[in-house]
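K.L.:
Just passing along the structure, written as structure tokens.
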Amino acid sequence: MIKNYSVYEMSDRERILFFGAGYLAAAGLVFLFYHSVVLSALSGFLVIKLKPYYEDFRARQRIQRLNVQFKDMLYSLSSSIAAGRQMPEALIEAADGLAIMYGPSEPIMMELNHMKRCIIENNESDRELLADFAQRSCCEDINNFVQVYIICRNMGGDLEKIIARTSSILTDKMNIEREIKSITAQKKFEGRLIALMPVAMLLILNLLSPSYIVPLYSGLPGRLIMTGCLGAGLWGLLMMERISNVEI
């Protein structure tokens, strides 16, 4: 069970792949712009600075995946409640039903299986289990649903109608978010492609006509031009990522 979905810890294999691929990519990029083995070898260690950004990216990916899977959990809970089940029974049925769609390593299955064990073996409160899940998920939609459910249980409201209505609202919201992300994903891909074009052109020139760009690798003016080009490319890529990163 994941303690906090906003904190991502790489496995040993993933750590080796990240640092290995990151070192080679950084060193290769610097060598392409400067033709200096020593500088490229030292620059490869800059990948260490990218570790927090990569972990944050992976954590956001995991939260998004959990959010999508939670929609299927809502459908299952809504159907079970409509059939007269109580929430503990509905959670157990959701764990059994969603096992057909998701593997045991998926976030939603890890959570549902944990709730199932706690309910059957320890007879724990479903409200406490859901509240703990919402707190660890760091997901606004899950937290909103759990808060509505707890208020409904405490106030004695119509659980079936409230869960069905909440499920419908959250599902519509998720669908809108998915459409927005689909649009921005295309623009992100286009921006990254444009950012890689100068690097690709420089690589082609180095392979096909190295004598044409010799002045860029010799003397102070050439070094300054290449440094400016590298800095401008990285700055443009960073700005593109920030602009296209729409917070919903």
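The values are calculated or read from the model by the stated rules, or taken from the named source; none is laboratory data. All values reported here derive from a predicted model rather than from experimental measurement. Every residue, glycine as well, gets a Cβ built from its backbone with ideal geometry; the counts of neighbours run over all protein chains shown.
K.L.:
Surrounded by 14 or more Cβ atoms within 10 Å (Cβ to Cβ) and touching a residue at least 12 places away in the same chain (Cβ under 8 Å): does that describe Ser36?
P.N.:
It is false that Ser36 is surrounded by 14 or more Cβ atoms within 10 Å (Cβ to Cβ) and touching a residue at least 12 places away in the same chain (Cβ under 8 Å).
K.L.:
Another one. If a residue counts only when it is under 23 Å from the mean Cα position of the chain (by Cα) and among the basic types (Lys, Arg), which helices (runs of 4 or more DSSP H) contained entirely in the range 43-151 have at least 3 such residues?
P.N.:
Where helices (runs of 4 or more DSSP H) fall fully within the range 43-151 and carry at least 3 residues being under 23 Å from the mean Cα position of the chain (by Cα) and among the basic types (Lys, Arg), they are 47-82.
K.L.:
For residues in the range 98-119 being out of contact with any helix residue (DSSP H, G or I) (no Cβ under 7 Å at 6 or more places or on another chain) and of a type in the set (A, V, I, L, M), which is modelled with the highest pLDDT?
P.N.:
Residue satisfying both the conditions and the ranking: Met110.
K.L.:
Return the pairs, sorted by first residue and then second, in which the second residue is crowded, with 17+ Cβ neighbours inside 10 Å, the first residue lies in the range 18-30 and is of a type in the set (Val, Ile, Thr), the beta carbons are less than 6 Å apart, and the residues are 6+ apart or on different chains.
P.N.:
Sorted first by the residue in the range 18-30, then by its partner, the pairs are Val30/Ser40; Val30/Ser43.
K.L.:
Okay, moving on. Take the residues in the range 112-136 that are of a type outside the set (Lys, Arg), touching a residue at least 12 places away in the same chain (Cβ under 8 Å) and closer than 19 Å to Ile163 by Cα; name whichever of them is surrounded by the fewest Cβ atoms within 10 Å (Cβ to Cβ).
P.N.:
Within the range 112-136, the match that is surrounded by the fewest Cβ atoms within 10 Å (Cβ to Cβ) is Ala131.
K.L.:
Under 6 Å between Cβ atoms, which residue pairs at least 6 apart in sequence (or on different chains) link something in the range 207-226 that is in contact (Cβ under 8 Å) with a residue 24 or more places away in the chain and within 14 Å of Phe31 (Cα to Cα) with a partner that is in a helix (DSSP H, G or I) and not β-branched (Val, Ile, Thr)?
P.N.:
Between residues of the range 207-226 that are in contact (Cβ under 8 Å) with a residue 24 or more places away in the chain and within 14 Å of Phe31 (Cα to Cα) and residues that are in a helix (DSSP H, G or I) and not β-branched (Val, Ile, Thr), the close pairs are Met226/Phe33; Met226/Leu216.
K.L.:
Among the residues of the range 56-73, is any at pLDDT below 90 and acidic (Asp, Glu)?
P.N.:
yes
K.L.:
For the range 137-173, which positions are of a type in the set (A, V, I, L, M), in contact (Cβ under 8 Å) with a residue 40 or more places away in the chain and more than 15 Å from Phe70 (Cβ to Cβ)?
P.N.:
If the condition is that a residue be of a type in the set (A, V, I, L, M), in contact (Cβ under 8 Å) with a residue 40 or more places away in the chain and more than 15 Å from Phe70 (Cβ to Cβ), then Leu159, Ala164 are the ones that fit.
K.L.:
Quick one: is Ala21 surrounded by fewer than 14 Cβ atoms within 10 Å (Cβ to Cβ) and more than 19 Å from Leu170 (Cβ to Cβ)?
P.N.:
In short, yes.
K.L.:
Just one of Ile183, Ile213, Ile176, Ile194 is in a helix (DSSP H, G or I) and under 19 Å from Ser36 (Cα atoms); which is it?
P.N.:
The match here is Ile213.
K.L.:
So, of the residues in the range 227-247 that are surrounded by fewer than 11 Cβ atoms within 10 Å (Cβ to Cβ) and over 16 Å from Leu29 (Cβ atoms), which turns out to be modelled with the highest pLDDT?
P.N.:
Per the stated criteria, the residue is Arg242.
K.L.:
Would you confirm, using the coordinates I've provided, whether Pro215 is exposed (fewer than 14 other Cβ atoms within 10 Å of the Cβ) and modelled with pLDDT of 85 or more?
P.N.:
The answer is yes for Pro215.
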